[in-house]
């Protein structure tokens, strides 16, 4: 009997991605739950902060842009800030406070109790992402993370997390791209009964430092 040779190159990449997506399918109920919760919090005047490094920074920017703009259907804009996209702030913070604090300081500036932070990290071990998550939890924000294989420190530090069980970083990033689109769809679907209602005014900026995981 002839044994098929292992697929290599682009075909092997597609095989890995297919397997990772099939495994990730069981996480769809969690994404749908996140979308509904995000719609509820942002409709009540909350804010989304997103963050990550490298390719994960691109995911953070993409997610924020879909909420401020639109995913598929027209709707009201919602407050979402991608922390990696402000080059002036990032270079100033890195220069003055060090790279580990570059996201945490932005979180302390922008996050309020009940806001949502979505952190992307293929390793789940980036020090600056972990520092931001600790700051967010201290402020009472809800933290959701999308990571690579678990367990990892970011998943453990978050309020909730989704892990992509794949060995290759590009495969993890590709599934994260799909996940953020699924989250946007779930968000929009949860807004359907209230599409004609504008998000409420931003709540007062008073800070409350009690821990609330939500």
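Nothing in this text is a laboratory measurement; each read-out follows from the coordinates by a stated rule. If you're wondering where the values come from, they're calculated on a predicted model, not measured in any experiment. Neighbour counts run over all protein chains shown; Cβ positions are idealised from the backbone, glycine included.
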Checklist entry - So what's the angle, to the nearest 10 degrees on a 0 to 90 scale, between helix 55-68 and the longest Cα principal axis of the chain? => result 50 degrees
Next on the checklist: For the chain, take the longest principal axis of its alpha carbons; what is the angle in degrees between that and the long axis of helix 28-43, to the nearest 10 within 0 to 90?
Outcome noted: 20 degrees
Checklist entry - With axes computed from alpha carbons, what is the tilt in degrees of helix 127-139 against the longest principal axis of the chain, rounded to the nearest 10 within 0 to 90? => result 40 degrees
Item to check | Semi-axis lengths, Å, the stretch 21-191, gyration tensor of Cα atoms, sqrt of 5 times eigenvalues | outcome: 22, 20, 14
Next on the checklist: Starting from the Kirkwood Rh over alpha-carbon pairs, what translational D in µm² s⁻¹ does the stretch 1-111 have by Stokes-Einstein at 20 °C and 1.002 mPa s?
Outcome noted: 125 µm²/s
Checklist entry - How would you rank 49-55, 66-72, highest first, on the average number of other Cβ atoms within 10 Å across their residues? => result 49-55, 66-72
Checklist entry - Going highest first, how would you order 120-132, 144-156, 167-179 by mean Cβ packing within 10 Å? => result 120-132, 144-156, 167-179
Item to check | Sorted peptide list for 135-141, 40-46, criterion being average Cβ within 10 angstrom, highest first | outcome: 135-141, 40-46
